[in-house]
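Input: a single structure, listed below in structure tokens.
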């Protein structure tokens, strides 16, 4: 059915991953040869081996952009996701979870090839998350999966840096960017991870300079982008490169940049940090919710801070209470 007008606040393109979350001690991280606080790419055999050794775990749909869209849906936005899963057990979990929270998802399923992607998330007592990610089917997203109507009828197209690792996904992103520009829609991008920035630094800098309207990054990612240990100089380098940039700074809140202005927005400390999984994703959810409603940028950042603060007090990146309570 043809669409008319703006149907979605945000359409997101990202890795369709099922998160498997468990609590673990430091020794488990070392024993499994993972890098604490970071994401390590693994093949299917290693993912299966690690999964078998995990203790009691929670399984739910995940992936950076999918987490953001689910958070926006909880706030009251209309969102759509484009990503690839296989017609298998984990694929069914992903689809059910995304539909259950109100995110539109209609990308055709894969019948052959690698299984649905998974991310094994180990949460240590200090609330840091260490991830072992099997990309699987989500790396097969291609130009054919980009629904032109969805992009053309969404106020913002949101893309994750994680997706830049495969040629077919890169081509899909390029197509979506071209469609969004042609329709005079905004394009948002998240740097995703320091290792991701290290792999694609030059291309990311060109992308930000030429195509991105709204950029999300944390301190570590931004320092990696500009190859400096001085966050102030990295922020200075970034300012003016794109229309809006939001830099998250953990307990110090966030900094919002425009070519003309820089504003630090403080956050309220939480009673107890349980798990930092999804903090940046939910910050983006709150920020984009406000932005698509024409809020001023300080208010957008304040809601982003609140959403991030809410999610770090529980396990996983899906809020146990409606985030729209934070808007009030």
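The values are calculated or read from the model by the stated rules, or taken from the named source; none is laboratory data. As the structure is a prediction and not an experimental result, all values here were calculated from the model. Here Cβ is always computed from backbone atoms with ideal geometry, including for glycine, and neighbour counts include all displayed protein chains.
Suppose we filter 11, 73 for residues that are closer than 26 Å to residue 287 by Cα, in contact (Cβ under 8 Å) with a residue 12 or more places away in the chain and assigned to a strand (DSSP E or B); which single one remains?
Answer to the selection: 11.
Of the conditions (1) surrounded by 21 or more Cβ atoms within 10 Å (Cβ to Cβ); (2) assigned to a loop (DSSP other than H, G, I, E, B), residue 55 satisfies every one except a single condition; which number is it?
(1)
Every residue in the range 150-173 that is touching a residue at least 24 places away in the same chain (Cβ under 8 Å), surrounded by fewer than 21 Cβ atoms within 10 Å (Cβ to Cβ), part of a helix (DSSP H, G or I) and more than 18 Å from the chain's Cα centre (by Cα), please.
Residues satisfying the conditions are 152, 168, 171.
Does residue 210 satisfy being touching a strand residue (DSSP E or B) at 6+ places or on another chain (Cβ under 8 Å) and surrounded by fewer than 17 Cβ atoms within 10 Å (Cβ to Cβ)?
no
What are the residues in the range 213-223 that are in a helix (DSSP H, G or I) and crowded, with 22+ Cβ neighbours inside 10 Å, if any?
Residues satisfying the conditions are 221, 222.
I need a count of the residues in the range 258-281 that are in a loop (DSSP other than H, G, I, E, B), under 19 Å from residue 188 (Cβ atoms) and either touching a residue at least 40 places away in the same chain (Cβ under 8 Å) or under 17 Å from the mean Cα position of the chain (by Cα) (or both).
Of the residues in the range 258-281, 1 are in a loop (DSSP other than H, G, I, E, B), under 19 Å from residue 188 (Cβ atoms) and either touching a residue at least 40 places away in the same chain (Cβ under 8 Å) or under 17 Å from the mean Cα position of the chain (by Cα) (or both).
Please verify whether residue 68 is assigned to a loop (DSSP other than H, G, I, E, B) and in contact with a helix residue (DSSP H, G or I) (Cβ under 6 Å, 6 or more places away or on another chain), treating the condition exactly as stated.
So residue 68 does not fit the description; no.
Please go through the range 174-193 and give me each residue that is buried (at least 24 other Cβ atoms within 10 Å of the Cβ) and at positive phi, ordered by number.
192
Check whether at least one residue in the range 312-320 is closer than 15 Å to residue 67 by Cα, modelled with pLDDT under 95 and in a helix (DSSP H, G or I), and report yes or no.
no
Across the range 89-110, what is the total count of residues that are part of a helix (DSSP H, G or I) and surrounded by fewer than 23 Cβ atoms within 10 Å (Cβ to Cβ)?
10
May I ask you to list pairs of residues, at least six apart or on different chains, whose Cβ atoms are under 7 Å apart, with the first in the range 282-295 being at negative phi and surrounded by fewer than 24 Cβ atoms within 10 Å (Cβ to Cβ) and the second being at pLDDT 95 or above and not in a loop (DSSP other than H, G, I, E, B)?
290/299; 290/300; 290/303; 292/9; 292/10; 292/155; 292/156
What's the number of the only condition in (1) surrounded by 15 or more Cβ atoms within 10 Å (Cβ to Cβ); (2) modelled with pLDDT under 95; (3) farther than 20 Å from residue 12 by Cα that residue 238 fails to meet?
Of (1) surrounded by 15 or more Cβ atoms within 10 Å (Cβ to Cβ); (2) modelled with pLDDT under 95; (3) farther than 20 Å from residue 12 by Cα, only one is false for residue 238: (2).
Here are some conditions: (1) crowded, with 23+ Cβ neighbours inside 10 Å; (2) part of a strand (DSSP E or B); (3) at pLDDT below 95; (4) in contact with a helix residue (DSSP H, G or I) (Cβ under 6 Å, 6 or more places away or on another chain). Residue 60 meets all but one. Which one does it not meet?
Unmet for residue 60, out of (1) crowded, with 23+ Cβ neighbours inside 10 Å; (2) part of a strand (DSSP E or B); (3) at pLDDT below 95; (4) in contact with a helix residue (DSSP H, G or I) (Cβ under 6 Å, 6 or more places away or on another chain): (1).
Mind checking whether some residue in the range 71-88 is modelled with pLDDT under 95 and either surrounded by fewer than 24 Cβ atoms within 10 Å (Cβ to Cβ) or closer than 26 Å to residue 169 by Cβ (or both)?
Looking for residues that are modelled with pLDDT under 95 and either surrounded by fewer than 24 Cβ atoms within 10 Å (Cβ to Cβ) or closer than 26 Å to residue 169 by Cβ (or both), one finds at least one in the range 71-88, hence yes.
Among 38, 74, which is out of contact with any strand residue (DSSP E or B) (no Cβ under 6 Å at 6 or more places or on another chain) and more than 29 Å from residue 8 (Cβ to Cβ)?
So the residue among 38, 74 that is out of contact with any strand residue (DSSP E or B) (no Cβ under 6 Å at 6 or more places or on another chain) and more than 29 Å from residue 8 (Cβ to Cβ) is 38.
Which one of 247, 255 is over 30 Å from residue 24 (Cβ atoms), assigned to a strand (DSSP E or B), at pLDDT 95 or above and touching a helix residue (DSSP H, G or I) at 6+ places or on another chain (Cβ under 7 Å)?
Going through 247, 255 in turn, just one is over 30 Å from residue 24 (Cβ atoms), assigned to a strand (DSSP E or B), at pLDDT 95 or above and touching a helix residue (DSSP H, G or I) at 6+ places or on another chain (Cβ under 7 Å): 255.
If we keep just the residues of the range 48-70 that are out of contact with any strand residue (DSSP E or B) (no Cβ under 6 Å at 6 or more places or on another chain) and free of Cβ contacts under 8 Å to residues at least 40 places away in the same chain, which is nearest to residue 324 (Cα to Cα)?
So, considering only residues that are out of contact with any strand residue (DSSP E or B) (no Cβ under 6 Å at 6 or more places or on another chain) and free of Cβ contacts under 8 Å to residues at least 40 places away in the same chain, the one nearest to residue 324 (Cα to Cα) is 56.
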